[in-house]
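The values are calculated or read from the model by the stated rules, or taken from the named source; none is laboratory data. Because the structure is a prediction, the values reported are computed rather than measured. Areas reflect the complete protein model, heavy atoms only, side chains present, ligands, DNA and RNA absent. Shrake-Rupley method; radii C 1.70, N 1.55, O 1.52, S 1.80 Å.
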Amino acid sequence: MKISSLKPGDTAYQLYRHKMGNTTISTLSVWRVSVKEVHEEHVIASVNGNAPRKYRERDVAKWKKKEPVLIRSRMGYSRLATKAEKEALKSG
């Protein structure tokens with residue numbers, strides 16, 4: 001995503017990979033990003049309802065416009081859905 005494609009009031013999504021407690025199992029979380037202000041070199045945005053702060057181009061480049069679809073396993077971790085899984089969710 002580019003800063004030029006954002007405008008105040010937009011919602012984007014940030015993926016965050018982290019460990020599940022005191023284990024070696026990693027999981028994926030999706031955080032909602034609310035854009036407050038857009039400038040030429042940075043964006044003022046609030047991630048997951050926290051206080052707004054400044055994000056530069058390298059941070060904004062990792063954000064997604066559409067909310068990613070996560071598949072949760074029996075072990076409790078989440079991963080991104082494949083194209084086939086996304087199509088199955090749309091049709092079913």
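Things worth noting here:
- Sequentially through the range 15-20, phi angles give Karplus couplings (6.51, -1.76, 1.60; θ = phi - 60°) of 8, 9, 9, 8, 7, 8 Hz, Gly and Pro residues having no value and appearing as x.
- Accessible surface of the chain, 1.4 Å probe: 49 percent of it comes from carbon and sulfur atoms.
- Note on the chain: Kirkwood radius taken over Cα pairs, Stokes-Einstein applied at 20 °C and 1.002 mPa s, translational D equal to 146 µm² s⁻¹.
- Over the range 47-92, the fraction of Cα-Cα pairs per 5 Å bin, rounded to whole percents and listed from the shortest bin up, is 5, 15, 15, 21, 15, 14, 10, 5, 0.
- Estimated from helical segments only, the mean residue ellipticity of the chain at 222 nm is -3500 deg cm²/dmol, where each DSSP H run of four or more residues counts as -39500 (n - 2.57).
- Exceedance of the 20 Å cut-off in Cα-Cα distance is limited, within the set 7/90; 2/62; 7/86; 19/65, to 7/90; 7/86; 19/65.
- 3J(HN,Hα) along the range 58-63: 5, 6, 5, 4, 8, 6 Hz, from the Karplus curve 6.51 cos²θ - 1.76 cosθ + 1.60 with θ = phi - 60°, whole Hz, x for Gly and Pro.
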